[in-house]
1. Please give the charge dipole size of segment A:176-227, origin at the Cα centre, charges +1 on K and R Cβ atoms and -1 on D and E Cβ atoms. Round to the nearest 20 debye.
2. For all pairs of alpha-carbon atoms in segment A:1-126, what percent lies in each bin of width 5 Å, listed from the first bin to the last filled one?
3. What do you get for the angle between helix A:456-467 and the principal long axis of chain A? Use alpha-carbon atoms, 0 to 90 degrees, nearest ten.
4. For segment A:215-354, state the average projected area of the convex hull of the C-alpha atoms over all orientations, rounded to one decimal in nm².
5. I need the GluC sites (Glu not before Pro) found in segment A:68-159, filtered to DSSP loop residues with at most 16 other beta carbons within 10 Å of theirs.
6. Arranged from highest to lowest average of other beta-carbon atoms within 10 Å per residue, in what order do the peptides A:321-330, A:725-734 appear?
7. State to the nearest 20 debye the size of the charge dipole of segment A:389-466 about its Cα centre, where the only charges are +1 on K and R beta carbons and -1 on D and E beta carbons.
8. Setting aside same-chain residues fewer than 8 positions from residue A:287, which lysines have a Cα under 17 Å from its Cα?
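The values are calculated or read from the model by the stated rules, or taken from the named source; none is laboratory data. This is a predicted model, so every value here is computed, not measured. Heads up, the Cβs are rebuilt from the backbone with ideal geometry, glycines too, and the neighbour counts pull from every protein chain shown. To get the accessible areas, we keep the full protein, side chains included, count just its heavy atoms, and leave off ligands, DNA and RNA. Shrake-Rupley method; radii C 1.70, N 1.55, O 1.52, S 1.80 Å.
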Amino acid sequence: MADIEIEIDGKVVSAKAGEMLITVSDREGVSVPRFCYHKKLSIAASCRMCLVDVEGVPKPQPACSTPVNEGMKVHTQNDKVKASQKAVIEFLLINHPLDCPICDQGGECELQDVAVEYGSDVSRFSEGKRIVPDNGIGALIQTDMTRCIHCTRCVRFGLEIAGMMEMGGTGRGENLKIEPFLREGIQSELSGNMIDVCPVGALTSKPFRYELRSWQMNSMPSIARHDLVGSNLFVQTYKGKVKRVVSADNDWVNETWISNRDRFSYEGLTHKNRLLEPQIKVQGQWKQVSWKVALDYAVKGLNSHVLKHQKANQLGGLVSSTATMEELYLLKKILTEIGCDNIDHRLNVKNLDNIITLDSNIKLDALEKIDYALIIGANIQLEQPMINHRLRKATKKGADIDVLNVMAFDFNYLLNTENITAPNKIVFTLAGVLKSIMTNNAQELPDYLAAVEVDEVANNIASKLLNSSSSVIILGEHIINNEDASTIANLVTQIARNANSKTLNLSITANTIAANLVGFVPKNSGMDVNTMLVSDMRGFILLDIYPQYDFHDLEIAVKAFTKDDTFVISLNGFKDDIVSDYSDVILPIASVYETSGTQLNINNDMQSYTAAVKAPKEVKPAWKVLKVMADLLELPGFHYADSTQILAEISHQPYAKHTHDEDINLTSKYNSISTIWQSSPYSIDAVLRHSSALQKTKIGQMNSAYMNQASAETLGLSADDKYLGVPVVITSAVADGCVFINANQATNTQEQT
Amino acid sequence: MISIDAKKQIDVWIAKYPKDRQSSAVMQALKIVQAENENRLSADTIQAVADYLDMPGIAAQEVATFYENYNHKKVGKHVIRFCHNISCMLNGADDLIKHLENKLGVKTGKITADGLISVKKVECLGACVGAPMFQINDEYFENLTSDKIDQIVNNLK
Ligand code: SF4
Ligand code: FES
Ligand code: FES
């Protein structure tokens with residue numbers, strides 16, 4: 001686009017030919033009121049609030065849909081413009097209730113602001129106003145549709161961003177209503193953003209309803225901690241409580257959107273299950289004690305069970321994937337100092353000899369510029385909504401996407417092909433893809449590929465990869481416990497190398513990348529988590545662990561922690577019976593937004609945040625607890641005044657890179673039916689599990705074990721049964737030989753019925 | 001939900017639009033489906049049309065509620081769509097509507113006791129030259145007078 005010059009209010013500014021006037025005026029800081037225009041949505045030009053005067057054009061023009069051209073002279077403040085603005089506001093207010101005092105949007109309402117600034121002082125309208133009934137659209141968004149000004153931002157948001165058209169304008173003229181169809185409620189994982197885009201009080205946050213005015217709250221920038229995007233957001237607080245979370249702009253990370261789990265998880269912070277005081281178990285009885293007593297008890301326990309006997313090698317440290325980088329580092333440092341190498345964060349991996357090692361080498365914003373993606377083992381729209389959104393943008397520009405999954409999932413874009421394959425076949429398909437690519441490149445084939453048959457699916461994927469100029473291969477969470485996990489990851493690496501493709505590893509999530517960076521995995525003779533659980537251990541330090549959700553096998557873990565002479569120190573944010581059963585000390589730690597820390601996202605951006613609120617009651621940030629524990633253990637080098645000093649020390653650590661073993665063994669070892677246990681997106685961490693509004697949504701309630709008829713027969717199950725405690729759903733969408741579980745409950749807590 | 005026969009008719013319309021633009025046939029599809037469902041649409045039939053055309057249910061609903069040609073409540077065998085927009089109004093539509101209501105003994109929006117006729121007030125039907133006018137089923141009747149209305153209505157069976 002050519003550079004041109006135009007004049008706005010007598011000031012010459014430069015612009016690109018063809019861009020919309022409002023883009024230029026926004027850039028120049030000229031205020032033009034608007035309702036329907038939103039920088040990330042298509043242009044509707046329906047509200048007419050943005051009218052400006054363009055010299056030579058008799059009628060005022062909407063700035064949001066008037067392209068600029070050389071020499072254009074625009075006035076945004078003259079009488080003609082003012083008269084138009086006044087008229088538009090008057091029309092908008094004809095049907096808008098003047099009930100700002102009882103409207104939740106009051107004080108942060110675009111209509112209120114614009115009416116005050118551009119409207120008239122008195123209303124000339126004394127007739128009856130339109131009233132629109134509300135039917136409710138779910139647990140997250142409160143509707144007051146009488147206040148809707150039909151800007152259609154929410155409709156366009158659904159269509160263009162969420163990829164599910166859920167809201168629409170029904171009826172016409174005076175009867176036009178913005179509503180969803182069938183009143184099932186809004187389902188999209190990104191729907192909470194409608195609250196932010198709605199300029200008036202028609203769509204507001206339901207959990208926040210009638211709580212506070214925006215000006216009463218402090219707004220603190222922070223980082224979302226539920227997935228590896230690390231969306232930027234503002235935490236709004238009042239009197240030490242988090243009251244609401246809204247999105248912050250960062251084009252590099254989350255653009256201007258956040259997922260529902262990032263927006264509503266804060267509700268969990270005030271749940272009655274919060275752990276508020278340190279506790280110690282004396283002769284089987286729990287006692288609430290002061291921090292001093294609890295920490296002394298913990299340190300004494302460590303001394304008497306482990307250190308006194310020089311048995312640091314029988315101590316283990318395990319962490320949840322949501323821990324901050326500083327917490328991970330400190331715990332590792334403590335354990336290293338006392339001579340213990342038994343550390344791990346990979347709690348849900350069944351076989352640690354068979355793990356996925358795959359680097360992500362594509363940035364979030366580059367994802368929308370790819371022309372081809374192969375997704376393996378992910379229900380990406382549900383599990384990674386923000387990343388899926390980038391892919392969806394790529395498809396809109398023509399990218400093709402192929403899927404290799406064990407079950408047919410919902411996608412909010414058209415797929416090139418959707419291949420539903422049994423878990424034990426995935427490895428062969430990928431081997432076929434690699435063989436096809438190498439044959440095509442006239443490369444010498446390694447031995448293990450010699451006998452591989454290349455089927456049509458593999459051939460198609462291979463030719464797509466070869467013909468693409470920027471492709472990505474995405475490996476998802478469903479592969480974690482695949483019997484061929486490491487081979488699959490290795491094949492993906494090989495394929496990517498030979499097809500010049502990028503890779504994205506979504507099999508890890510939350511702050512796992514930080515855990516890898518600080519090296520929270522066993523080195524030297526250290527034991528990994530699975531070995532620890534079956535070894536003779538004398539003590540554990542567990543950071544925010546809830547075994548029934550975090551481990552693939554609850555029983556083994558609980559058995560290991562419960563052993564009589566095993567001293568267990570648990571740092572937890574929430575009360576939990578199982579944790580109480582096996583722990584000797586429970587230390588209450590700060591949860592999201594209550595602690596400072598750092599999150600390392602998939603872009604490798606180190607995003608640090610400060611605490612937005614003080615943790616309740618006796619609760620302390622885990623890094624402080626660990627620091628004091630280190631002091632009491634009389635370990636050197638723990639003189640941190642705040643968490644940034646810890647971070648500074650980490651940054652100097654060499655980055656622990658993965659190494660790839662190139663040995664690929666293609667003999668599949670398989671039992672008849674394999675089970676993939678996938679927690680529902682709102683039960684992946686403790687805060688989410690305690691946020692009531694999220695739990696009420698359809699996604700929060702999802703709890704099904706999907707299998708096809710044949711698998712059900714093999715397992716002797718029918719549609720009324722439960723499998724591993726989860727209700728059975730029989731559907732042909734699942735591949736043979738596979739049960740796919742989407743659960744909002746604990747793993748294996750109930751026996752199979 | 002949609003009969004094979006209706007699907008065949010819809011397919012004819014789909015074929016008129018470019019590939020992947022089957023949703024352009026939504027108006028005709030709704031009309032066809034309405035015709036085989038007692039001349040009315042329900043949430044289920046609208047969803048069925050949307051599914052058949054691979055479009056969001058709400059998008060079909062938008063169309064179905066925008067045009068007066070679609071009925072969402074039970075209607076009579078004959079539907080009189082009486083225009084009351086500007087041209088017709090200036091030519092006396094309001095009085096004629098009252099006349100029709102009195103003659104039939106029902107208000108607009110309702111069905112006669114025998115289920116034969118229902119009356120709807122609609123916006124401009126694009127026949128302003130012949131205002132005042134109404135439409136019965138697919139046929140236009142223009143330059144209406146009370147006598148003419150009586151005559152037309154008497155002939156409905
Ligand atoms: S609900 Fe809000 S965003 Fe949606 S059309 Fe109405 S005013 Fe606009
Ligand atoms: S903002 Fe330009 S018409 Fe609405
Ligand atoms: S106003 Fe009645 S047909 Fe146009």
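1. Value, rounded to 20: 220 debye.
2. In order of increasing distance, the bins hold 2, 11, 20, 21, 19, 12, 8, 5, 2, 0, 0 percent.
3. Between helix and principal axis, roughly 60 degrees.
4. Hull-based average projected area comes out at 12.8 nm².
5. Sites meeting the loop and neighbour criteria: A:70, A:108, A:127.
6. Sorting A:321-330, A:725-734 by mean packing, highest first, produces A:321-330, A:725-734.
7. 560 debye
8. Residue A:287 reaches A:300, A:575, A:617.
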